[in-house]
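Here is the structure we will look at.
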Amino acid sequence: MSLRRLAPPDVQPAGFAFSAANADWAKSTIAKYPPGRQASAVISLLWRGQEQEGWVTHPMIEAVALMLGMPFIRVLEVATFYTMFNLEPVGDHLVQVCTTTPCWLAGSDAVVAACKKHIHPQQHTVSADGKFSWMEVECLGACVNAPMLQIGSDFYEDLDGPLTEKLLNDLRAGRPIKPGPANGRHSSEPAGGANTLTDPSLYDGSIIGRYKVAAPQPPANTDAEAKKPTQAASDREAPKQKPPGAAT
């Protein structure tokens with residue numbers, strides 16, 4: 001994993017405070033943990049702070065550490081370890097492009113090229129209008145619908161270069177965009193339509209009685225029966241002992 005550091009001091013804000021609603025949420029979240037275990041809420045609080053500000057700042061880490069009674073370095077360790085936390089400013093829309101093998105094989109290079117063209121040539125850089133930033137990420141979990149990207153909490157799948165450009169242009173112009181596959185399919189069914197279980201008789205009842213029902217099988221051993229001790233192989237194969245006085 002590459003080294004992750006906080007953004008330099010010249011881009012850090014002067015301070016941080018949760019909004020009133022988020023502060024109430026933080027108190028209720030911390031209260032879920034028993035005394036002495038409040039540090040378990042650190043990821044939740046950092047995530048809520050990032051949702052509020054867009055990225056995890058130095059003052060945010062200080063505030064969370066104070067709320068949880070943790071040393072600053074412990075909270076910093078969490079923020080820099082998990083790649084879901086953004087350590088530098090991001091645009092209003094953070095575009096996360098999956099470039100793991102399935103997406104790369106399906107053409108994620110074209111998606112990246114569209115981001116370089118319409119956002120900025122370098123990832124982790126906010127566009128001039130402040131609306132976008134982009135970054136490459138590892139698998140986003142929709143390999144069947146590759147290539148794909150994530151914006152906020154939504155996923156956009158089955159993309160190519162032109163579709164990605166249209167998506168970014170619509171978002172910049174304030175036009176509505178639809179999450180999910182961009183090639184017309186509903187979810188992750190085979191491209192071009194179903195190719196299995198297409199026989200109508202599977203659903204209209206005509207298949208009933210077509211095949212012979214197998215004879216019932218004897219019941220399997222119960223768990224208790226299966227665990228009964230059996231004679232060891234060494235005992236089964238040992239020569240039988242003759243009683244005393246028996247003729248040889």
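Exposure proxy shown here: for 73, 61, the number of other Cβ atoms within 10 Å sets the order, fewest to most, as 73, 61.
Close lysine pairs were tallied over the chain: pairs 8 or more places apart or on different chains with Cα atoms under 30 Å apart number 12. Report summary: the helix-based calculation at 222 nm, which adds -39500 (n - 2.57) for every DSSP H run with n ≥ 4 and divides by the residues of the chain, gives -10000 deg cm²/dmol. Considering only C-alpha atoms, what is the centroid distance from segment 174-205 to segment 1-58, in Å? Measuring centre to centre over Cα atoms gives 40 Å. Using a basic spin-label model with each label point 7 Å from the Cα along Cα→Cβ, how many nm lie between residue 183 and residue 128? For the pair residue 183/residue 128, the computed spacing is 3.5 nm. Each Lys and Arg contributes +1 and each Asp and Glu -1, all at the Cβ; summed about the Cα centre of the chain, the dipole is approximately 920 debye.
If we count every other residue with Cβ under 11 angstrom of residue 132's Cβ, Lys/Arg +1 and Asp/Glu -1, where does the sum land?
Working: positive: 131, 172; negative: 92, 129.
Residues close to residue 132 contribute a combined charge of 0.
The value for segment 82-227 of Rg(Cα) / (2.2 N^0.38 Å) is 1.61. For segment 1-106, a Kirkwood hydrodynamic radius built from all Cα pairs, placed in the Stokes-Einstein relation at 4 °C and 1.567 mPa s, yields a translational diffusion coefficient of 87 µm²/s.
Of all beta bridges DSSP finds with both residues in the chain, what is the antiparallel percent, to the nearest 5?
Working: 6 of 14 bridges.
Expressed as a percentage, antiparallel bridges in the chain total about 45.
Against the longest principal axis of the chain, how steep is helix 20-30, in degrees 0 to 90 to the nearest 10, with axes from Cα atoms? Helix 20-30 sits roughly 30 degrees off the main axis of the chain. Counted over the chain with a bin width of 5 Å, the fraction of Cα pairs per bin, in whole percents, is 1, 5, 9, 11, 11, 9, 9, 7, 6, 5, 5, 5, 5, 4, 2, 2, 1, 1, 1, 1, 0, 0.
None of the figures in this text is laboratory data; all of them are computed from the coordinates on show. Predicted model, so just to flag it, every value in this text is computed and none were measured. Every residue, glycine as well, gets a Cβ built from its backbone with ideal geometry; the counts of neighbours run over all protein chains shown.
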